[in-house]
Each structure stands twice: as C-alpha cells, then as structure tokens.
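Structure first, commentary second.
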Amino acid sequence: LYRNDTDITPVAATAQAGVNALAASGGGDGPEGDVPSLFAVASGMGVTVSGGAPNIPARTGCAAGTFGYPCFRSTAVPIVILVTDAQFHNGRGGTQPYSGYLNYDTMLPQVQMHRVRVIGVAVNGTTPQADLNAIAMDSGE
C-alpha cells in the first residue's frame, strides 16, 4: 500500500532526494492496492485492510491550508503520478475484487473533491493500462 516518503516542498533538493529514494517494494503479485492508496493520498484519512489496525494511519501534522497525505496546498491542483505494473484491486466497476480493500466508488469522490489529477505510468507491459486510463479520465472531470 501507500507510504509517504516526502511531503510537498518548495525545496528542489528535498524533492529530488524523495524521487531518488523511490524503489519498488512489496507486492510480487497482482493486482495491487492502488485504490486505497489513492484514497489516502487525496483525503489524508487512514486505510484499514480487512478490519485490522490501520495499514495507512490517518495523516496528522499538515500545515493550515493544506490537505491529503502529502500536504498538498489547497490552492494548487495536485498531480499524482501513479506508477504500477499490475491491475488495481477493486478497480472501476469492481474489477479484480478484493474484500479487504475499499472500492473505487469510495475512493473516487475523494480524488474528485480535492481536484487530484492522476497520471498513470504502466511498467513491465500494459496490464494496468485500463485501470490507469479510467482513473486518469475520472480524475480529470
């Protein structure tokens, strides 16, 4: 699932260090938890998987005038670059169902309400392309 390594920052060196630290981890199977991750990014709310303790705790500590997990500025249009190699669990229309995760119809209103624009990048083939196209179109409305 999602982890926030670097908050939004005006300091280029800090942003670059965050990008340099990116690495693929976990998974090893498909589909993936992109839907609850996008929910957390947009809302800042925590996500619990299968009724246990929050796998993504609720975000605290963002400055006034910011929102979401990375503390987006409220006056900005947030852009999320989603890189994945697998389909979404609980994608649009209930594709790849997984009872442990929240669904697309729960995530999407948070993304749209906060004007988050999602740009998808499929790696290692085109397996996730339909899901990435859907969230790109749905977040751009």
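The values are calculated or read from the model by the stated rules, or taken from the named source; none is laboratory data. Keep in mind that this is a model prediction, so the values were computed, not measured. FYI the Cβ positions are ideal-geometry reconstructions off the backbone, even for glycines, and counts take in every protein chain you see. What goes into the accessible areas is simple: the full protein's heavy atoms, side chains included, and nothing from ligands, DNA or RNA. Shrake-Rupley method; radii C 1.70, N 1.55, O 1.52, S 1.80 Å.
Just one of the listed residues (42, 130, 86) is open to solvent by 30 Å² or more (accessible area, probe 1.4 Å), among the hydrophobic types (A, V, I, L, M, F, W, C), at negative phi and not in a strand (DSSP E or B), namely 130.
Can you tell me which residue in segment 99-109 is modelled with the highest pLDDT, limited to those that are open to solvent by less than 30 Å² (accessible area, probe 1.4 Å) and of a type outside the set (A, V, I, L, M, F, W, C)? Ranking the candidates gives 104 first. Within segment 1-13, the residues that satisfy the criterion of being open to solvent by 60 Å² or more (accessible area, probe 1.4 Å) and either in contact with a helix residue (DSSP H, G or I) (Cβ under 6 Å, 6 or more places away or on another chain) or farther than 14 Å from residue 44 by Cα (or both) are 1, 5, 10, 11, 12, 13.
For segment 47-83, a tally of residues being open to solvent by less than 80 Å² (accessible area, probe 1.4 Å) and among the basic types (Lys, Arg) returns 1.
Scanning for something at pLDDT 90 or above and surrounded by fewer than 20 Cβ atoms within 10 Å (Cβ to Cβ), does segment 22-39 turn up at least one residue? Within segment 22-39, not a single residue is at pLDDT 90 or above and surrounded by fewer than 20 Cβ atoms within 10 Å (Cβ to Cβ).
Within the set of pairs 6 or more residues apart or between chains, which connect a residue that is part of a helix (DSSP H, G or I) inside segment 105-121 to a residue that is open to solvent by 70 Å² or more (accessible area, probe 1.4 Å) with Cβ atoms less than 8 Å apart? As it stands, the answer is 110/45; 112/141, since those pairs meet every condition given.
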